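One structure is given here, and the rest of the page talks about it.
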Amino acid sequence: MFKTMLVPLDGSETAEMALPFVEEIATSLSAEVVLVSVFEPADPHMERLHQSYLDRVTAKVQKELEHWEAPKSVWVSNKALSGNPVEKILQYADEGDVSCIAMASHGSSSHGLWGT
């Protein structure tokens, strides 16, 4: 059973396509949802952009969970990480005892919010 679901997001609509499925599964299993976005460490201004994006999507997901009538135990958090996306996502999943990583089959990072 999934306790924590991690959802990597790159700012693209394609990446966000996983969210309705995550909302339904999280509701059914009373799982926590963690939205994660990774930015390059070379640009410290990117952290603010990623955090703002994640805060907006977190509010949207929380509202959708209300429509699913999710139990109170289902909550959404987010984390902007600095570094290599693959390494940071896997490291966060391992250290955070993540049960499931849910993502679209492919992102469109060249067309995402920040074009990384």
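The values are calculated or read from the model by the stated rules, or taken from the named source; none is laboratory data. This one's a predicted model, so the numbers in the text were calculated from it and none came from an experiment. Note that each Cβ is placed from the backbone with ideal geometry, even for glycine, and that neighbours are counted across all protein chains shown. The area values use the complete protein model at the heavy-atom level, side chains included, leaving out ligands, DNA and RNA. Shrake-Rupley method; radii C 1.70, N 1.55, O 1.52, S 1.80 Å.
Scanning region 16-73 for residues that are among the acidic types (Asp, Glu) and without any contact (Cβ under 8 Å) to a residue 12 or more places away in the chain yields a total of 2. The number of residues in region 65-103 that are aromatic (Phe, Trp, Tyr) and within 12 Å of Glu23 (Cα to Cα) comes to 2.
Grab the helices (runs of 4 or more DSSP H) fully contained in region 12-113, keeping just those with 1 or more residues being open to solvent by less than 40 Å² (accessible area, probe 1.4 Å), in contact with a strand residue (DSSP E or B) (Cβ under 8 Å, 6 or more places away or on another chain) and closer than 21 Å to Met1 by Cβ.
19-29, 45-67, 85-95
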